[in-house]
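Take a look at the structure below.
No lab work stands behind these numbers, since they all come straight from the coordinates. The shown structure was predicted, so the numbers you read here are calculated from the model rather than taken from an experiment. With ideal geometry, Cβ positions are generated from the backbone for all residues, glycine too; neighbour counts draw on all protein chains shown.
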Amino acid sequence: MERPEIDWDDTDAFTAGAVGPEGRRIFFLQARRGNEVVSLKVEKQQVSGLAEFLDGLLEDLPEAPEPPGDPVEAPEFLEPDEPAWVVGNLGVAYQQTTDRLVLTVQELLRDDDVPAEARFPLRREQVMAFVVRARELVAAGRPPCQWCGAPLETANEGWCPCAN
């Protein structure tokens with residue numbers, strides 16, 4: 001079965017968001033181009049890891065051919081009806097000719113089907129805004145246990161099973 005492929009030449013907006021109550025939030029990466037919106041389900045750790053990786057990558061990029069524009073705010077997250085698919089692999093490449101970071105996202109599959117794949121070219125300003133938004137989103141969750149790092153159960157006064 002052939003899976004959808006998204007290969008944009010530019011991305012108008014890119015952000016992360018979450019839906020649901022604390023402790024049961026579902027996380028998304030969301031990209032927009034014109035009227036087209038793509039929402040992909042991810043794990044909280046994937047959002048956090050992507051933000052940290054992109055932040056480090058921004059520091060290692062060659063100097064921008066043009067001075068960076070004003071910092072942009074993260075675009076509004078549009079609550080999706082349902083995700084296009086669940087993210088398995090994330091990859092990032094730098095396209096020097098356009099000065100874009102290209103995020104490659106591959107679908108998580110349980111069998112031998114061909115995974116869906118998306119490529120979103122991102123401007124430096126979009127990446128910086130994503131990093132800020134992703135960090136805020138992750139920090140807004142339950143605090144981690146000081147011993148094991150797992151999220152604390154706020155309904156049980158911050159209890160963690162490792163405290164036994």
In degrees, nearest 10, the alpha-carbon axis of helix 44-60 is tilted away from the dominant principal axis of the alpha carbons of the chain by 40 degrees
So, with +1 on the Cβ of K and R and -1 on the Cβ of D and E, and no other charges, what is the size of the charge dipole of the chain about its Cα centre, to the nearest 20 debye? 520 debye
Assigned charges on the beta-carbon of Lys, Arg, Asp, Glu; the stretch 1-68 dipole about Cα centre (debye): 660 debye
Once you have a ≥ b ≥ c as the square roots of the Cα gyration tensor eigenvalues for the stretch 74-164, tell me rounded if a/c is under 1.5, and otherwise prolate or oblate according to whether a/b is larger than b/c. prolate
Around Arg135, under 11 Å between beta carbons, what's the net of Lys plus Arg minus Asp minus Glu among the other residues? -2
Considering only the stretch 5-163, percent of DSSP beta bridges that pair antiparallel, nearest 5: 90 percent
Between Val37 and Phe53, 0.36 nm times their residue separation minus their Cα-Cα distance comes to what? 3.4 nm
How many percent of the alpha carbon pairs in the stretch 1-48 exceed a separation of 16 Å? 49 percent
Stokes-Einstein D (µm²/s) once Rh is taken as the Kirkwood radius of the chain over alpha-carbon pairs, at 20 °C in 1.002 mPa s: 125 µm²/s
